[in-house]
Amino acid sequence: MKPGQVEILESEEHGVAYSGKSIKRREDQRMITGHGQYTEDISLPGTLYASFVRSDYAHAKIIEVDFKNALKLPGVIGILTGKDLEGKLNQIPTAWNIPGSDLHVPRYSAIAVDKVRYAGDPVAVVIAESPYIAEDAAEMVSVKYEPLDPVLDMEKAEDRSSPLVYEDVPGNRAFLWKLDTGNVEDTFRTADIVVKQRIVNQRLQPASMETRGAIAEYNSGTGITTVWMTTQNPHVHRFLLSVILGIPEHRLRVIAPDVGGGFGSKISCLGPEAVICYLTGHYGRPVKWNETRRENFLATTHGRDHIQYVEMAARRDGTVLGIRAKVFANMGAFLSTAAPGVPTILFGLILPGQYRIKAIGCEVHGILTNTMAVDAYRGAGRPEASFIVERMMDILASELKMDPAELRRKNFIPASEFPHAVPTGLVYDSGNYVQALDKAMQAIGYHDLRKEQEKLRKEGKLVGIGISSYIEVSGLGPSKVVRSTGFGLGLWESATVRVHPTGKVSVFTGGNPHGQGEETTFAQLAADELQVPIEDVEVFHGDTGMIPFGMGTYGSRTTVVAGGAIAISCRKIVDKARKIAAHLLGVPEIDILFEGGKFHPAGDMDHFRTMADVALAAYGAGGDEVPDGMEPGLENTSFFDPENFVYPFGTHICYVEVDPETYKIRIKRYVAVDDCGKQINPMIVEGQIHGGIAQGLAQALYEESVFDSTGTLLTASLSDYAMPTAVEMPSIESYFTETPSPHNPIGVKGVGEAGTIAAPSAVVNAVMDALSPLGIRHIDMPLKPEKIWKAVMASKQKAE
């Protein structure tokens, strides 16, 4: 297949309609043939290379940084410490300052000045003629520390006896966020039954294929600094880098070339990228830096890390009345870009789940510790919320001796009640939760599986079935709502669509896809809206010098919000083109139809103009080509600010077997039913679901960050951080329902995070169901064989 050529995987004729078709991703052509261009691939003449000296201590005072010997190494250009950069770089900002939470944003520097606060904190930067010289010199830098007791236990960090990460943040508490709706105390006091559980949602390390990196170049002739970097949101990074560097935005250009995954870890604006931008101006040469995998695990933001004390109140008939949670959220050593909003707004507001729960209580303690900062990781708050809701539904079902599927069905919000306002203030847009549950149960053969489970249990086998009926809030904006929560800017999105004189189309989007397939999806969307061949559409993104200001890709928002902007721009172009076509054909505009790629008078298919005909006339702009007073050209820029979020949902069912001797878990079947509204490219949608499930399954069974008693990260390599491979992945049976969202022009909902939200509770519920005959109610993730063995031994001792 040649570059730009389209291969459609269905056999039917597609005509001009591309949406709804499984078209192979056009970006894959360059990726799999080695023609992609990542930050590491960019080479500029005269480039210098940076390597950061990082602390081995989690908490210590810096007494002395001795780099005399390192400076003597041939090829070393310079070495700078935090003190050298004082007054030259501002503090690293936090972009989500949640109101009413007693928020304390600590002052955190790009390079530590007097004190290090996590193992991996930069204390100096070496600049050299090659990356190898820079790394060798960094190892020669000697730093003298005065070790301090680290803060590692987030539940004890608020104690008066605890050391402080920052002297001006009392009790190590960065914020205290509370939510109380629906008479929570009365609800729990009068409930027939209240179930309680302490739940740990462990810390995870994003591990995208490409680590973070940047190469910056200062042009002394224009005064413009250009930085190519691994970012999910180029304009946001430009804005925050401007704040840190004190450089006006119009003199900063941020370019995201091909980005090898992000999963949230490339949203944040961290210190090294700012340092690289400063160094290129300081030395007058390009400067490049790329993380090693160890650096990536040590010093790129982590995810999750909650300890949750959860209660659910219900009637004996299974009606769920309320849920409340006291949460300790580990924020790490500083508040990263979006960090305060993840365990609060994105977590607490979605606690009702798919259910008619009237009383919601939530108290989140945002705790600073001597570990790497925690920020968004695929799902960002939604997996943590869905997990506790779905685990508590299963625990409640067990206590009531109800089938967990029927307990869910009893409490679902009915399809007839949408749009539906939940007590937390969100308004769910559309949904049919019973349909998704029924489809999943039918696909897996639920009732027959229960009979099989009963038979196998009599044979001594440990088999279990787990259900996860999830919902997420995604498609971030709308701006008025997110601004009211303290987010630094609005969450609209932009698009410029340009039809060239030959009828070819360029789409410039403020979204920044980095593996999600939107170069294909957006081409399908624009081709359908403009009724042109998809080969005639090219999609551009990632360059602040080329695209309109945009907010980037995260929160399952790109197709929803950026796609909405593209659709609006295309429709405005069609409106203008219709006027030009009417002028060319000499008929009233009201009589012009646009179908099959042709503008023609109603009832007359023989006289028509194509989009290319109209485009040529628009740029010709002669008296016989465009109406009097019309501007030349055929392009439009639109900013789409949705009126509401979108709410994807679904039900996943997992069937597992636990080996009674080794306690190894085998996933026998995994069925996923998801609803993301209308689908532009079903193949890409299914790929996103599969990838999300892989990460959710990984959290359930394998992945966790482990620190020793000094705060050293023990899982700082892929040899120690257990990620599943294709061998561990089960076959995923994927199905869909479709309830379009009324809140965007194309009816879509987000899909990028759905699998990650649904999978952990589906897998854990299945394993707990398998172990229930042994008297085991809950084990915290990851469900490693050792943990299960310990739980089994403890249960046996208790029984004896």
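As a ratio to 2.2 N^0.38 Å, the alpha-carbon radius of gyration computed for the range 359-413 takes the value 1.54.
Over all directions, the projected convex hull of the C-alpha atoms in the range 520-647 averages 9.7 nm² in area. Taking the convex hull of the alpha carbon positions in the range 530-588 and averaging its projected area over all directions gives 5.7 nm².
Rolling a 1.4 angstrom probe over the chain with all protein chains present gives an accessible area of which 51% lies on carbon and sulfur atoms. Using the alpha-carbon positions of the chain, Rg (one decimal) and Dmax (whole number) come out as 27.8, 96 Å. Across the range 610-720, Cα-Cα pairs more than 18 Å apart make up 75 percent of the total. Here the scattering of the range 138-240 is modelled by Debye summation over its C-alpha atoms, one equal scatterer each and no solvent; at q = 0.17 Å⁻¹ the log10 of I(q)/I(0) is -1.16. Of the peptides 680-689, 240-249, the order by per-residue mean of other Cβ atoms within 10 Å, starting with the highest, comes out as 680-689, 240-249. Please state, as a whole number in µm²/s, the translational diffusion coefficient that the Stokes-Einstein equation yields for the range 234-283 at 20 °C and 1.002 mPa s, with Rh defined as the Kirkwood radius across alpha carbon pairs. Rounded, D is 184 µm²/s.
Dimensions of the range 677-800 from C-alpha coordinates, computed as largest minus smallest value along each principal axis and given longest first, are 60, 38, 29 Å. Summed over the residues of the range 756-800 and divided among them, the accessible surface reaches 42 Å² per residue at a probe radius of 1.4 Å. Just so you know, the Rg over Rh for the range 564-637 is 0.95, from Cα atoms, with Rh as the Kirkwood radius.
Computed on protein heavy atoms with a 1.4 Å probe, the accessible areas place LEU152, LEU530, LEU179 in the order LEU152, LEU179, LEU530, largest first.
Proximity of backbone amide H atoms, modeled 1.01 Å from N, is registered between ILE224 and ASN219 at under 5 Å, excluding neighbours fewer than 5 places apart on the same chain. Averaged over its residues, the range 296-382 has an accessible area of 16 Å² per residue, based on protein heavy atoms and a 1.4 Å probe. Other residues lying with their Cβ under 13 Å from the Cβ of ALA754 contribute a combined charge of -2, Lys and Arg counting +1, Asp and Glu -1. When you count the other C-beta atoms within 10 angstrom of each residue and take the mean per peptide, 19-27, 774-782 line up highest first as 19-27, 774-782. The modelled label-to-label distance between LYS88 and SER709, using points 7 Å beyond Cα along the C-beta direction, is 4.1 nm. Roughly how many whole Å is it from the C-alpha centroid of the range 665-702 to that of the range 634-657? Taking the Cα centre of the range 634-657 as reference, the centre of the range 665-702 is 15 Å away.
I'd like the distance between the alpha-carbon centres of the range 502-547 and the range 411-441, rounded to an integer number of Å. The range 502-547 and the range 411-441 have Cα centres separated by 33 Å.
Each residue, MET793 and SER717, gets one label point 7 Å from its Cα in the Cβ direction; the gap between the two is 2.9 nm.
Taking R0 as 41 Å, what FRET efficiency do you get between MET209 and ALA621 from their Cβ-Cβ distance, rounded to the nearest 0.05? Computed FRET efficiency for MET209 and ALA621: 0.30. Compute the relative contact order of the chain as a whole-number percentage, counting only Cα pairs closer than 8 Å that sit 6 or more residues apart in sequence. Relative contact order of the chain: 15 percent. If you wrap the range 399-490 in the convex hull of its Cα atoms and look at it from every side, the mean projected area works out to 8.9 nm². Note on ASN69 and GLU167: the model spin-label points, each 7 Å out from Cα along the C-beta direction, lie 3.3 nm apart.
Counting only Cα atoms, the range 700-768 measures 52, 26, 24 Å along its principal axes, largest extent leading. I need the fraction of alpha carbon pairs in the range 645-687 separated by more than 18 Å, rounded to a whole percent. Across the range 645-687, Cα pairs with separations above 18 Å total 49 percent. For the range 280-323, the percent of C-alpha pairs falling in each 10 Å distance bin, counted from 0 to the bin holding the largest distance, reads 18, 18, 19, 13, 14, 10, 7, 1.
Each peptide in 269-277, 131-139 gets a packing score, the mean of other Cβ atoms within 10 Å over its residues, and the list from highest to lowest is 269-277, 131-139. A full extension of the chain between ASP186 and ARG316 corresponds to an added length of 45.1 nm, given 0.36 nm per residue minus the alpha carbon distance.
Taking the centroid of alpha carbons for each part, the range 721-796 and the range 63-123 are 39 Å apart.
Remark: the range 734-800 carries a charge dipole of roughly 280 debye about the Cα centre, counting +1 on each Lys and Arg Cβ and -1 on each Asp and Glu Cβ. Restricting attention to the range 269-329, which trypsin sites (Lys or Arg not before Pro) occupy a DSSP loop and are surrounded by at most 12 other Cβ atoms within 10 Å? Listed in order of number, the matching sites are ARG316.
Here r is the Cβ-Cβ distance between LYS458 and ASP149 and R0 is 41 Å; the resulting FRET efficiency, rounded to 0.05, is 0.15. When every Cα-Cα distance of the range 37-183 is counted in 5 angstrom steps from zero, the calculated P(r) takes the values 2, 9, 14, 16, 16, 14, 10, 8, 6, 4, 2, 1, 0, 0, 0 percent.
The values are calculated or read from the model by the stated rules, or taken from the named source; none is laboratory data. In this text the structure is predicted, and so the values were computed from the model without any measurement. Cβ sites come from the backbone with ideal geometry, for glycine too, and all protein chains shown count toward neighbours. The area values use the complete protein model at the heavy-atom level, side chains included, leaving out ligands, DNA and RNA. Shrake-Rupley method; radii C 1.70, N 1.55, O 1.52, S 1.80 Å.
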